[in-house]
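The numbers here are math on the coordinates, done by the rules we state, and not lab data. Quick caveat, the model's predicted, so the values are computed rather than measured. Cβ: placed from backbone, ideal geometry, glycine included. Neighbour counts: every protein chain shown.
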Amino acid sequence: MTSSPRLLRALDVPARPSEVRRSGLVRMSYQCSARLVLTLALTLFLPHLVMAQAPLPDLSLEELMTLDSGQVYGASERLQPVTEAPASVSFITADEIARFGYRTLADILRSVRGMYVSDDRNFSLVGVRGFGKPGDYNSRILLLVNGHRVNDNVFGQAEVGAEFGMDAATFDRVEIIRGPASSIYGDSAFFAVVNVITKSGASLGGGTLALEAGTLGMQLARGSVGHVFANGADLAVSGTVERSSGNSRLYFPAFDAPETNFGVAEDLDGEHMRQFYARLAYKSLTVTAAYGTRTRTVPTASFETLFNEQGYPEQTTDRHTLLDAEWIRLFGDTRFSLRGSFDRFTYDGTYPRTQDDGTGRLVGINSVNGVRWTAGARATRPFGTRQTVIAGFEFIDNVHQDQMIRYIDPPLTLLDLQRRAQQTALYLQDEVKITPWLNGTVGVRYDGYEQFNRVTPRAALIAMPSPRQSYKYLYGSAFRAPNAYELNTKFFGESVVDLRPETIDTHEVVWERFTGDWLRTSLSGYWYRADRLITLAADDSTFLGATYVNEGEVRARGLEFEAQARLWRGWQAGGSYALQRALDRDTRVELPNSPRHMVKARLSIPGYGAGAFVAVESVYVGDRRSLADVNVPGAMTMHLTVTQPLSRSWALVGTVRNLFDVDYSDPASSAHRQDVIPQNGRTARIGLRWTIGTK
Amino acid sequence: MTSASLRLLGLGLAVGLLVTLRPGPLGAQEVTPPALKAAFLFNFVKFTSWPSDVLPDTAPLQMCVVNAPAIGSALSQAVQGRSIGGHAIQVTQPGEAGNLRGCHVLFVSGTRGAAAKAVTAVRDVPVLTVSDLQAFADDGGIAQFHVQQGQLRFYFAVNAVRASRLQVSSKLLILSRQP
């Protein structure tokens, strides 16, 4: 009962609740559904493409106020036009989240150019720029809530599925900032930064109650209130409970044997969530509080646990607590921000397995307690009309990075490891208008850890021959520090203390263009080299029989195109294409779980009456290789959401995901006996929403 | 269900969507910030009246833009071929030191110091002063842009409006949002 790679959390992969096809329903071949999508798109789209939207000056003030201002915060920690930001940026608004029926951040990221999300029926793993190694947690993207880091301090993981602990209905906006951004944010801003901006009382605008039910025993209740008081205080409060029982039978061929129930996992696909969110803004101070917990039963018997175990099923619980206070004031032209935050992440995993001698069951509980305090200060100051300087300081005290492994029945503690670590960082960025049409940005950040230091630069040159188009050349470097999990000498031996941050250097060229007032297009090409990637390697001398080394080197390049159009009569359409190729430098072999092609398209059409919408989305992720080097065929899935107000205060919302019941799978990690994990077939949910107060 | 019936379903859906096609509110779209601000400025003019001594009938309406070339050119484009209440619209970019007293609308950006200087320069003339600087209303300006939830909002300082001899329609004041 010693070596237990099965208790390694870092070897398993993220996922979202899902469901699997019911037999009897027709499986659509993807060619057939592709044809349908094309038909649909052409029928709906073409006649209207030519009838562009009325010019901006002819719109009323009310109409203008519904338009997005095209500004991004997270690229430089200040609001700036997307065209001037030193990154290739996309964003998803609250309107789009509602219209397209997105329930989690994972749903949102799936819809975004160049990103893909794999689901192992427990966690959701984000792949970006061709990098989505199965078995890695999302430690190479940085997840921010209102600009504040929420990757946990043990695994360094950005949780994006239901495990994230925040309801997508409380998101005002999600900014996706591609490319390295360690020169502002430090650790983990490796491939991309995802900044979730949460709703204020004004944007919640009154009270809402929502009840939803769906296939796979899904039920949801949400209540939220937003109010702006006469004294200017703005309050938002929201709470959600959700559960689903999942697929009652899931078949995994890898377990098809008499002693493992012929590969069928029965009633082991359920999850339940509770989420709470509050935000209070008064004068210069904004306080945000959030708590979320998700418990999921895991049907895949990952980490060599018992298959179809009913007594102590494999199960994980993730809990996130966030308390964040920010105070912002203007002194002359200088904008000062002071920020203090408290984050807590706890995790419990139940892992049932057989005793090593083959007799009886042993139930392991793997727990994590991560607590972090952060204090930061930042100043943003324009110098004349040509320069803006941002300077910041950050201190992070990871007061707990604790890990514990114990067995229940009989109780036995195997590991009780308590650690603490501190970090300090300083950063500086200067944006200069070199000429009226040429901007330059240079930035650098110093990160001091207890074992090592990092200095990370960034440079950007942005040419804007007119306000309607920009050409960007972006250079960025980033790092990911070895996380507390990887630095655990009890698991991986003394050699891990010598682990150093992995690094990436990225060059990118972007062309963004607005055509008329109705079309935005963006074309970007990138090239990166990621070195000293922290990789798991076999090592018999350690407790887990493995260790981490700075070994992997990856070279990749890619091309991405995106178009968003505001069409006639409130129609909106968007599409993107990503072409990418990520290679292991030594073997020249493409990385596993790295699709060459991705195509995404969306269309939202006003329905009957104000506030009524029909939204269709289709996502194609191309062929990928599994860890066992087997081809995982590409799949096109389509989702439909209909929003129909019934009266002034009642509305009906229905979503069908995977409309054509396409059969597809995601590559599994080495923690799974399965090589691929089957994904849900068609699922549906319908909800009733009652709103009081005006928006 | 056969794949033929699914195709039919798809077609039905397409036709259904076409039939339900109706005008609706605009949603989250992307427009350049300068173009958007220019469109707001143009709309402000629609709902503002100037005393006839500074804006006689048929006289051209002067919109001045200081320290914001992108907005200046977006505004020139926006007003092209458009007039308001019989007034042709002229857009100029006079520069900080230029004469601002002939402006009817004055958009100023850059630094607080420059904005405050411009406001002082036109203090005794009815000029609709607008800025996208955060503390503009505190510094004596009339209207300021700000961003809320990714959307552009504006705030009209009522006291400054009263002091200005401008008549600003209640529509603007109703839509005005405190930053």
message: Just to compare against my own numbers: the Cα pair-distance distribution for the range B:32-175, 5 Å bins, whole % per bin, please.
response: 2, 10, 22, 25, 24, 13, 3, 0, 0
statement: Phi angles of the range A:383-400, converted by Karplus (6.51 cos²θ - 1.76 cosθ + 1.60, θ = phi - 60°) into ³J(HN,Hα) in whole Hz with x for Gly and Pro, give 10, x, 9, 10, 9, 10, 10, 10, 10, x, 9, 9, 10, 10, 10, 7, 6, 9
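For chain A, calculate the relative contact order in percent as a whole number, restricting contacts to Cα pairs under 8 Å that are 6 or more residues apart.
On the way: 2016 pairs, mean separation 100.6, N = 695.
Across chain A, relative contact order equals 14 percent.
Sort B:LYS117, A:LYS133 so the one with the fewest other Cβ atoms within 10 Å of its own Cβ comes first. Don't skip to the answer; put the middle values down first.
Numbers: B:LYS117 16, A:LYS133 21.
Ascending Cβ contact count within 10 Å gives the list B:LYS117, A:LYS133.
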query: Length gain on complete extension for the stretch A:LEU428 to A:SER367, per 0.36 nm per residue less the alpha carbon to alpha carbon distance?
result: 18.2 nm
query: Can you work out the FRET efficiency for the pair A:ALA233 and A:ALA684, with r the C-beta to C-beta distance and R0 = 51 Å, to the nearest 0.05?
result: 0.80
- prompt: Can you give the relative contact order of the range B:32-175 as a percent, counting alpha carbon pairs under 8 Å and 6+ residues apart?
  reply: 22
message: Regarding the range A:224-379, what's the average projected area of the Cα-atom convex hull, expressed in nm²?
response: 13.1
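Say R0 is 30 Å: what FRET efficiency, to the nearest 0.05, do B:ASP124 and B:ARG82 get from their beta-carbon distance?
Details: r = 30 Å, r/R0 = 0.99.
It comes out at approximately 0.50.
How long is the gain from A:ASP498 to A:ASP623 if the chain were fully straight, where each residue apart is worth 0.36 nm and the alpha carbon distance is subtracted?
Details: separation 125, 0.36 × 125 = 45.00 nm, distance 3.72 nm.
Length gained between A:ASP498 and A:ASP623: 41.3 nm.
Evaluate peptide B:150-158: per residue, the Cβ atoms of other protein chains within 10 Å of its Cβ; return the mean as an integer.
On the way: counts 17, 12, 7, 3, 3, 0, 0, 0, 0.
Counting Cβ atoms of other protein chains within 10 Å of each residue's Cβ and averaging gives 5.
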- prompt: In nanometres, what is the gap between the two model label sites at A:GLU450 and A:MET404, each 7 Å from Cα along Cα-to-Cβ?
  reply: 2.0
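Among bridges DSSP assigns within the range B:32-175, what percent are antiparallel (round to 5)?
Working: 10 of 24 bridges.
Approximately 40 percent, going by the DSSP bridge assignments.
Hey, fewest Cβ within 10 Å first, where do A:PHE190, B:PHE44 land in order? Please list the in-between numbers first.
Numbers: A:PHE190 28, B:PHE44 22.
Result, fewest neighbours first: B:PHE44, A:PHE190.
Just from its helices, what would the mean residue ellipticity at 222 nm be for the protein assembly as shown, if runs of 4 or more DSSP H residues each count -39500 (n - 2.57) and the sum is divided by every residue, rounded to the nearest 500 deg cm²/dmol?
Per the formula, -3500 deg cm²/dmol.
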query: What spacing in nm lies between the two simple spin-label points modelled at A:ARG329 and A:TYR608, each 7 Å away from Cα in the Cβ direction?
result: 5.7
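Can you give the convex hull volume of the alpha carbon atoms of the range B:91-163 per residue, in Å³?
On the way: hull volume 6.6 nm³, N = 73.
Output value, Cα hull per residue: 90 Å³.
If you average over every viewing direction, what projected area does the convex hull of the Cα atoms of chain A give, in nm²?
Mean shadow area of the hull around the Cα atoms is 29.4 nm².
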query: Taking every pair of alpha-carbon atoms in the range A:100-238, what share in percent sits in each 10 Å bin, from 0 to the bin with the longest distance?
result: 11, 38, 31, 18, 3, 0
message: Over all directions, how big on average is the projection of the convex hull of the alpha-carbon atoms in the range A:53-166, in square nanometres?
response: 9.1
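How big is Rg to Rh over the range A:540-695, alpha-carbon atoms, Rh as the Kirkwood inverse-mean-distance radius?
Details: Rg = 21.6 Å, Rh = 19.2 Å.
Ratio value, two decimals: 1.12.
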Simple spin-label estimate for A:PHE395 and A:ARG381 in nanometres, 7 Å along Cα-Cβ: 2.2
task: Kindly put A:SER124, B:SER73 in sequence by how many other C-beta atoms sit within 10 Å of each C-beta, fewest to most.
output: B:SER73, A:SER124
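If Rh is defined by the Kirkwood formula over all Cα pairs and Rg also comes from Cα, what ratio Rg/Rh do you get for the range B:59-102? If you can, show how the numbers build up before the last one.
Values: Rg = 10.7 Å, Rh = 10.9 Å.
Using Cα coordinates only, the ratio equals 0.98.
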statement: Among B:LYS46/B:LYS117; A:LYS433/A:LYS472; A:LYS199/A:LYS600; B:LYS46/B:LYS171, the pairs whose Cα-Cα distance exceeds 21 Å are B:LYS46/B:LYS117; A:LYS199/A:LYS600
